[in-house]
Amino acid sequence: MLRQMCWLSKSSGDDEKILHLQTTPGLPWRPYTAFPQFSVPDYRIPRGSKGWATYQKLLKAGWTLVPSARGSEFAPTSYAESTVQSS
């Protein structure tokens with residue numbers, strides 16, 4: 001199983017980044033909350049990073065952090081666009 005993490009924007013044009021995970025090569029990144037088996041509750045810090053507690057847990061477990069620029073190449077929106085075949 002692939003074990004990668006990346007900080008990506010919640011939506012296009014949004015500056016706030018949250019932790020995204022990828023467990024299968026070629027599939028789009030998904031928010032950490034989509035993986036209840038890996039995520040832990042967020043810290044109760046106003047305006048704190050969403051996914052920071054999960055990031056710390058997974059980093060200790062040997063997951064790899066992928067740079068945001070590289071991860072955004074395979075973000076869900078670009079993944080969907082890249083699978084559309086032109087006629």
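The values are calculated or read from the model by the stated rules, or taken from the named source; none is laboratory data. Keep in mind the model is a prediction, meaning the values are calculated, not measured. All Cβ positions, glycine included, derive from the backbone under ideal geometry; neighbour counts span all protein chains shown. Accessible surface areas use protein heavy atoms only, side chains included; no ligands, DNA or RNA. Shrake-Rupley method; radii C 1.70, N 1.55, O 1.52, S 1.80 Å.
In the condition set (1) without any contact (Cβ under 8 Å) to a residue 60 or more places away in the chain; (2) open to solvent by less than 30 Å² (accessible area, probe 1.4 Å); (3) closer than 18 Å to Val66 by Cα, Leu8 is compliant with all but (1). Cβ separations smaller than 7 Å between residues 6+ apart or across chains give the following pairs from the range 37-61 residues that are touching a residue at least 24 places away in the same chain (Cβ under 8 Å) to residues that are among the β-branched types (Val, Ile, Thr) and not in a loop (DSSP other than H, G, I, E, B): Lys50/Ile18; Gly51/Ile18.
Answer yes or no: is there a residue in the range 62-77 that is assigned to a helix (DSSP H, G or I), of a type in the set (Ser, Thr, Tyr), more than 12 Å from the chain's Cα centre (by Cα) and at pLDDT below 95. Please lay out each step first, then the result.
So in the range 62-77, the residues assigned to a helix (DSSP H, G or I) come out as 68-72, 76-77.
Subset that is of a type in the set (Ser, Thr, Tyr): 68, 72, 77.
Still in the list and also more than 12 Å from the chain's Cα centre (by Cα): 77.
Still in the running and at pLDDT below 95: 77.
Yes, some residue in the range 62-77 is assigned to a helix (DSSP H, G or I), of a type in the set (Ser, Thr, Tyr), more than 12 Å from the chain's Cα centre (by Cα) and at pLDDT below 95.
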